[in-house]
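Structure first, commentary second.
The values are calculated or read from the model by the stated rules, or taken from the named source; none is laboratory data. Computed from a prediction, not measured in an experiment: that's the story for all the values here. Cβ placement follows ideal geometry from the backbone for every residue including glycine, while neighbour counts extend to all protein chains displayed. Accessible surface is based on the protein model in full, side chains and every heavy atom, while ligands, DNA and RNA are left aside. Shrake-Rupley method; radii C 1.70, N 1.55, O 1.52, S 1.80 Å.
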Amino acid sequence: MVRFQNVGMRYGLGPEVLRDVSFHLPPGSFHFLSGASGAGKSSLLKLMYLACRPSRGLISLFDSDIATMPRRALPAVRRQIGVVFQDFRLLDHMNVIDNVALPLRVAGAKRTEIRDHARELLKWVGLDDCLDALPPTLSGGQKQRVAIARAVISRPLLLLADEPTGNVDDTIAMRLLRLFEELNRLGTTVLIATHNENLIRRAGRPRLHLSGGELTGPFHGAAAGEEGRA
Amino acid sequence: MFWSHRDLALDSDPARRFLPWLLAMIVYLAGLALAGMMSLSAAVDRWDSGLSGTLTIQIPAATPGNRDTALPNAMAALRATPGIESARALSAEETAALLEPWLGKSALSRDLPLPRLIDVRLRKNAALDIEGLSNLVRAAAPGAIVDDHKKSLDRLIHLARTIEAAAIAIVVLVAFAAIATVVFITRTGLALHANNIELLHLIGAADGYVARQFQGQALDLALRGGVIGLALTIVTVILLGRAAAALGSGLLPAVSLSALQWVILAAVPVAIGLIGMITARITVMGALRKLP
Ligand SMILES: Nc1ncnc2c1ncn2[C@@H]1O[C@H](COP(=O)(O)OP(=O)(O)O)[C@@H](O)[C@H]1O
Ligand SMILES: [Mg+2]
């Protein structure tokens, strides 16, 4: 599903923020990505959702090397990846249901189909009472759930979440974890970046650990993740 | 209209509110230039068809020879020349009426010596040697001037072509101004909404999807501006036409447009709408290509 081989990355001419990162996420797996603030978690995810290119090394997504994918093929690849951004990135001028439906619209789905689906999903994350609210009027936890609903609405093959429980208390964090697990049961490969050790412990899932831009810990290396098959 | 969803809040961009007004002025300028050009070329056509195939022979008031025999002699010479359909001497009253717009009634009534004029019509396709005819007429009536209108018509046509070229230059410059305006406004929009555009890009929007939002908006705004500009043009052309008709001296070309010419004027806002749409698309597609 996702394979990194000796990947390095830098912003502009700055220092490498990721060095020699190698790992493999098998289809249907569920991993955490842990590490202190500034360790490079968000940067690693950006590489995976094709917001940045590596400065060296090989990345393959869905069994193809991203360096050789033609540019016009990228939108279709991106639609297979659901992302919960660290800062949500909701469209402030659009109500909750339209925000959630955005990935389907972008993919060209039918209008009625889109709305029904979005409504259903918002119920699933417990937001069915604020479909018409605008994001600026929502609490941090509510925005987070809208962002999650938007990330999963198109049933992506790969779900990437960047600190999805950063703004909520532990009870809600556990509820969100259940959402991700349910999605994983339906076949989606999940990677959650977090520094919430408590959450990782309670989930009992394997983790990739970043420290100073390098992958350390139990699953470092090419064989990483084989044990993580869900 | 051409876009069902507005994923980007382009409407709120302050610069966009000015776009229809800027484009309205641009369309107004282009419309006036076009209308001026078209009514002028209609006038030139009228002069051309009215004057070709005709000659005017003028026997000046201060003729060196005998004034009374000059006219009949010239007429006789003309009748003897093959290729001439008709020759008619204008009466003194007719001549006065022709000169009135230039000189005014009072000057004419003061017993001003007037030249005598002969209106000559040529047979169709008659290959007449103007030089030879000129010599012939001058022999019959010394001092007579044969005017085939070619020189004055050529000068008029040259003037008209110059004005036409200027009008085309205005239309081209104004089109560039429209393109530059739309590029500027679109770039502003791209910068203002860079975050949301990146989001659309990351969730898998193709470049064309993002471009459609901009081009739909640009078409809408440019059409609006175009309609305002066209309305101003129409009002101006009608007012100018009335003013010229009131003057009524025949000195000015009539400011009136044919049905086809009105259609051409009406196409200006459509053209500006398309220019706006295509410009916005090219600008956005170019900018998006820089995203990873
Ligand atoms: N856009 C950027 N430009 C330059 N440096 C950046 C940028 N984003 C992150 N960094 C740097 O990259 C390193 C890793 O950051 P990040 O991936 O955000 O870590 P984490 O998500 O684990 O907190 C940090 O040193 C950070 O300062
Ligand atoms: Mg981060």
- Round to a whole angstrom and tell me the spacing of the C-alpha centers of region B:17-41 and region A:66-83. 46 Å
- Task: Mind pulling the angle between the C-alpha long axis of helix B:130-140 and the longest principal axis of chain B? Nearest 10 degrees, somewhere in 0 to 90.
- Result: 30 degrees
- Note on the structure: Rounded to the nearest whole number, the Stokes-Einstein translational diffusion coefficient of chain B at 20 °C and 1.002 mPa s (Kirkwood radius, C-alpha pairs) in µm²/s is 89 µm²/s
- Query: Helix-derived [θ] at 222 nm for the protein assembly as shown: sum -39500 (n - 2.57) over DSSP H runs of at least 4, divide by residue count, nearest 500?
  - Reply: -18000 deg cm²/dmol
- 9 Å beta-carbon shell around A:Phe32, net charge (K/R +1, D/E -1): +2
- Task: Please list A:Tyr49, B:Tyr28, A:Tyr11 in order of solvent-accessible area, largest first, computed with a 1.4 Å probe with all protein chains present.
- Result: A:Tyr11, B:Tyr28, A:Tyr49
- Quick one: which residues, 5 or more positions from A:Leu208 or on another chain, have an amide H under 5 Å from its amide H? H modelled 1.01 Å from N in the peptide plane, none for Pro or chain starts. A:Phe32, A:Leu33, A:Ser34
- Separation of the B:Trp102 and B:Ala166 label points, Cα + 7 Å toward Cβ, nm: 2.4 nm
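Within the set of other residues whose C-beta is less than 15 Å from the C-beta of B:Ala76, count the net charge using Lys and Arg as +1 and Asp and Glu as -1. Write down the numbers at each step before the final one.
Working: positive: B:Arg79, B:Arg88, B:Arg116, B:Arg138; negative: B:Asp68.
Net of charged neighbours comes to +3.
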- Query: Rounded to two decimals, what is Rg over Rh for region A:91-154 when you use alpha-carbon atoms and the Kirkwood radius?
  - Reply: 0.93
- Item | Note, ³J(HN,Hα) from phi for region A:69-85, Karplus 6.51, -1.76, 1.60, rounded to Hz, x at Gly and Pro | 6, x, 4, 6, 8, 5, x, 5, 5, 4, 5, 8, 10, x, 10, 9, 6
- Message: Spelling out what I want: for every residue of region B:156-170, take phi, set θ = phi - 60°, compute 6.51 cos²θ - 1.76 cosθ + 1.60 (Karplus), and round to whole Hz; glycine and proline get x.
- Response: 4, 5, 4, 4, 4, 5, 4, 5, 4, 4, 4, 5, 5, 4, 4
- Note on the structure: Excluding residues fewer than 8 positions from B:Lys290 in its own chain, the lysines with Cα under 20 Å of it are A:Lys46
- Equivalent-ellipsoid semi-axes of chain A, from the Cα gyration tensor, Å, largest first: 28, 20, 16
- Radius 10 Å from Cβ of B:Val44, net charge of other residues (Lys, Arg +1; Asp, Glu -1): -1
- Query: How would you classify region A:127-202 from its alpha-carbon gyration tensor, with a ≥ b ≥ c the square roots of the eigenvalues: rounded for a/c under 1.5, else prolate if a/b is greater than b/c, otherwise oblate?
  - Reply: oblate
- Peptide B:114-121, shielding by other chains (average Cβ, 10 Å cutoff): 0
- Query: With the contact rule set at Cα under 8 Å and sequence spacing of 6 or more, what percent relative contact order holds for region A:91-154?
  - Reply: 50 percent
- Counting alpha carbon pairs within less than 8 Å and at least 6 residues apart, what relative contact order, in whole percent, applies to chain A? 33 percent
- Which whole-Hz couplings ³J(HN,Hα) result when phi for each residue of region A:206-211 is put into the Karplus expression 6.51 cos²θ - 1.76 cosθ + 1.60, θ = phi - 60°, listed in order with x for Gly and Pro? x, 9, 9, 10, 9, 9
- Query: Counting pairs of alpha carbon atoms under 8 Å apart in space and at least six apart in sequence, what relative contact order in percent does chain B give?
  - Reply: 34 percent
- Query: What residues in region A:94-109 lose 50 Å² or more of accessible surface when the other protein chains are added to their chain alone (1.4 Å probe)?
  - Reply: A:Arg105, A:Val106
- Note on the structure: Expressed as a whole number, the average count of other chain Cβ atoms within 10 Å around the Cβ atoms of A:75-85 is 3
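State the percent of C-alpha pairs, over all pairs in the protein assembly as shown, separated by a distance greater than 29 angstrom.
67 percent
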- Query: Can you pull the semi-axes for region A:1-107, root of five times each eigenvalue of the Cα gyration tensor, sorted largest first, whole Å?
  - Reply: 25, 18, 14
- In degrees between 0 and 90, to the nearest 10, how far off the longest principal axis of chain A does helix A:96-106 point, with axes built from Cα atoms? 60 degrees
- Query: What total accessible surface area, summed over both chains, is buried at the interface between chains A and B, computed with a 1.4 Å probe and given in Å² to the nearest 100?
  - Reply: 1900 Å²
